[in-house]
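Notes follow the structure.
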Amino acid sequence: MKKTLSSALTALAFGTLLLGLSGTAKATILNFDDTSYQGTYYTELEDNYGGFTWSSNVGVYFGPNCSFGYNSGTVSGDYALVNLLASDVSLGNGLFDWIGAWFTEPHRESESTLKIFGWENNILKYATEIDLVYASPVWFEANWSGIDSISFAACETGWFAMDDFTFTESAPVPEPGTLLLLGSGLAGLAWYRRMRKES
């Protein structure tokens with residue numbers, strides 16, 4: 001009984017330590033179907049959608065009333081994001097981890113390249129290029145961690161659509177005091193177990 005109790009307490013403390021180290025983060029998917037705009041064509045994206053600050057000339061559109069290329073870009077639901085006037089787009093927030101998103105060339109029946117950059121405190125951490133195909137969404141698996149902004153620049157045609165932007169907030173790094181407290185608890189449990197064995 002005593003051994004079982006001691007083992008249970010040790011396992012509980014170890015589990016608490018792992019929880020403190022790992023943190024828990026649930027993915028958020030921005031599908032652009034829940035904006036205040038529920039129209040028939042397109043409009044500028046509302047301020048702070050999804051908790052992000054978006055650059056100007058970025059909009060949300062209603063796929064069924066648009067051309068085939070745009071409608072194909074609405075991977076889930078009927079709405080997606082588009083760079084209005086073929087402009088570059090950026091978004092920013094506190095630290096977050098970007099999982100990925102769907103991208104489509106919606107405007108012309110051709111291929112295009114999309115350049116994507118991830119930043120933290122104005123320092124470039126990630127850079128990539130993906131090929132976009134007209135009316136054929138492609139999933140980009142980013143897995144970029146610890147960034148606070150992303151910028152997008154479409155080449156050739158200049159247009160892109162994006163849907164299901166998926167991210168998590170970056171897990172906080174445990175404070176040294178928290179780790180010290182948990183470590184002390186583990187050491188105390190180990191000492192207690194040893195003393196009980198000797199008596």
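Which of the residues spanning the range 157-191 are part of a loop (DSSP other than H, G, I, E, B), surrounded by 13 or more Cβ atoms within 10 Å (Cβ to Cβ) and at pLDDT below 90?
S170, A171, P174 - these are the residues of the range 157-191 that are part of a loop (DSSP other than H, G, I, E, B), surrounded by 13 or more Cβ atoms within 10 Å (Cβ to Cβ) and at pLDDT below 90.
Suppose we filter the range 104-120 for residues that are farther than 17 Å from F52 by Cβ and either in contact with a helix residue (DSSP H, G or I) (Cβ under 7 Å, 6 or more places away or on another chain) or not basic (K, R) (or both); how many remain?
Of the residues in that region, 10 qualify.
Could you grab me the full set of residues in the range 99-111 that are assigned to a strand (DSSP E or B) and within 17 Å of V75 (Cβ to Cβ)?
Listed by number, the residues that qualify are I99, G100, A101, W102, F103, T104, E105.
How many residues does the range 83-104 hold that are within 15 Å of S170 (Cα to Cα) and aromatic (F, W, Y)? Reasoning before the result, please.
Step one: filter the range 83-104 for residues within 15 Å of S170 (Cα to Cα), giving 92-100.
Within this subset, residues satisfying the condition of being aromatic (F, W, Y) are 96, 98.
Matching residues across the range 83-104 total 2.
Tally up the residues in the range 73-95 that are farther than 18 Å from T128 by Cα and either surrounded by 21 or more Cβ atoms within 10 Å (Cβ to Cβ) or among the aromatic types (F, W, Y) (or both), please.
7
Residues N48, N31, N65: which one is of a type outside the set (D, E), surrounded by fewer than 12 Cβ atoms within 10 Å (Cβ to Cβ), under 27 Å from S90 (Cα atoms) and at pLDDT 95 or above?
N48
Would you say L114 is buried (at least 20 other Cβ atoms within 10 Å of the Cβ), not polar (S, T, N, Q) and not in a loop (DSSP other than H, G, I, E, B)?
Working: buried (at least 20 other Cβ atoms within 10 Å of the Cβ): yes; not polar (S, T, N, Q): yes; not in a loop (DSSP other than H, G, I, E, B): yes.
So L114 passes the test.
Of the numbered conditions (1) in a loop (DSSP other than H, G, I, E, B); (2) under 18 Å from S136 (Cα atoms), A80 satisfies every one except a single condition; which is it?
Tallying (1) in a loop (DSSP other than H, G, I, E, B); (2) under 18 Å from S136 (Cα atoms), A80 fails exactly one: (1).
The values are calculated or read from the model by the stated rules, or taken from the named source; none is laboratory data. Please read these numbers as outputs of a predicted model, since none were measured by experiment. Cβ sites come from the backbone with ideal geometry, for glycine too, and all protein chains shown count toward neighbours.
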